[in-house]
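The values are calculated or read from the model by the stated rules, or taken from the named source; none is laboratory data. Everything numeric in this text was worked out from a predicted model, so none of it was measured. Backbone-built Cβ (ideal geometry, glycine too); neighbour counts: all protein chains shown.
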Amino acid sequence: MRIDIISVAPNLLDSPFNHSIIKRAQNKNLVQIFLHDLRDYGLGNYKQIDDTQFGGGAGMVLMIAPIANCIDKLKSERKYDEIIYMTPDAKTLNQSTANNLSLKENILILTGHYKGIDQRIRDKYITKEISIGDYVLTGGELAAAVLVDAVIRLIPGVIGDEQSALTDSYQDNLLSPPVYTRPAEFEGMKVPEILLTGNFPKIEDWRQEQAYKRTKEIRPDLLENE
Ligand code: 6GU
């Protein structure tokens, strides 16, 4: 998979992708990430990328031309399966979206800043808009990092234990059950007896039960559309 990200602050994204599992995925060539600085496509001597909004109001809006020029150049080099705009005024990211995107070949992600981008860019180029939750960030970069992390870990070969990406929270619409490791007792707190029995079918039942209980308590909304 190839992921291109257009940003006004690409430096924000250097670090999140250069550690641990995501770095290893790139080293193994399972994914390639390319950052593009929108400023490189800015207009005139000052490399202008934003302007005040028509109709008045506070906040600058990212202009059409720099974004259009950048996207057109990238599109002339390869075909994108999705062109995604990260914005708080969109549907929220969930596991099903991440699963779906992990199957794509080429993804282009545009991150906004300031008041956002000229609507005509959204109308002409964007195939999918994603928010990461009901709160506002200063820009879409950290949101893009969240999306890319959620997608990359699903690419076969990225996570060593294949089983683990499939069994985590949300993959089956349930939160994860509690987990324990040694010691079996710490300051009087014991690990649930069932986990020490070696009766794996029973343990699986217990985990399902715990996952359901936890979900019902903390995120009942996840059970609603069952
Ligand atoms: Cl994608 N962008 C910004 N700026 N804020 C957000 C977001 C995105 N998702 C949630 N909050």
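What the table below lists for this structure:
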quantity	calculated
Residue within the stretch 182-204 that is touching a residue at least 12 places away in the same chain (Cβ under 8 Å), more than 27 Å from the chain's Cα centre (by Cα) and assigned to a loop (DSSP other than H, G, I, E, B) present	yes
Residue in the stretch 2-15 that is loosely packed, with under 14 Cβ neighbours inside 10 Å, within 30 Å of residue 160 (Cα to Cα) and touching a residue at least 24 places away in the same chain (Cβ under 8 Å) present	no
Inter-residue pairs, beta-carbon under 7 Å, first basic (Lys, Arg) and in the stretch 123-136, second away from the ligand (no atom under 12 Å from the Cβ), 6+ apart	128/82
Residue that is nearest to the chain's Cα centre (by Cα) [pool: residues in the stretch 205-226 that are under 24 Å from residue 97 (Cβ atoms) and loosely packed, with under 10 Cβ neighbours inside 10 Å]	221
Of all residues making up the stretch 118-169, the number that are hydrophobic (A, V, I, L, M, F, W, C), more than 15 Å from the ligand (Cβ to nearest atom) and in a loop (DSSP other than H, G, I, E, B)	4
In the stretch 33-56, the residues that are in contact (Cβ under 8 Å) with a residue 24 or more places away in the chain and either over 24 Å from the mean Cα position of the chain (by Cα) or outside the structural domain of residue 6 (by TED's automatic domain parsing) (or both)	40, 41, 42, 49, 50, 53
Residue in the stretch 61-75 that is part of a helix (DSSP H, G or I), touching an Asp or Glu at 6+ places or on another chain (Cβ under 8 Å) and closer than 15 Å to residue 3 by Cα present	yes
Residue tally, condition part of a loop (DSSP other than H, G, I, E, B) and either in contact with a Phe, Trp or Tyr (Cβ under 7 Å, 6 or more places away or on another chain) or modelled with pLDDT under 95 (or both), over the stretch 95-112	1
Odd one out for residue 115, checked against (1) surrounded by 12 or more Cβ atoms within 10 Å (Cβ to Cβ); (2) in a helix (DSSP H, G or I)	(2)
Selection count where residues are farther than 24 Å from residue 153 by Cβ and charged (D, E, K, R), scope the stretch 41-95	9
Some residue of the stretch 48-70 being surrounded by fewer than 13 Cβ atoms within 10 Å (Cβ to Cβ) and within 11 Å of the ligand (Cβ to nearest atom)	no
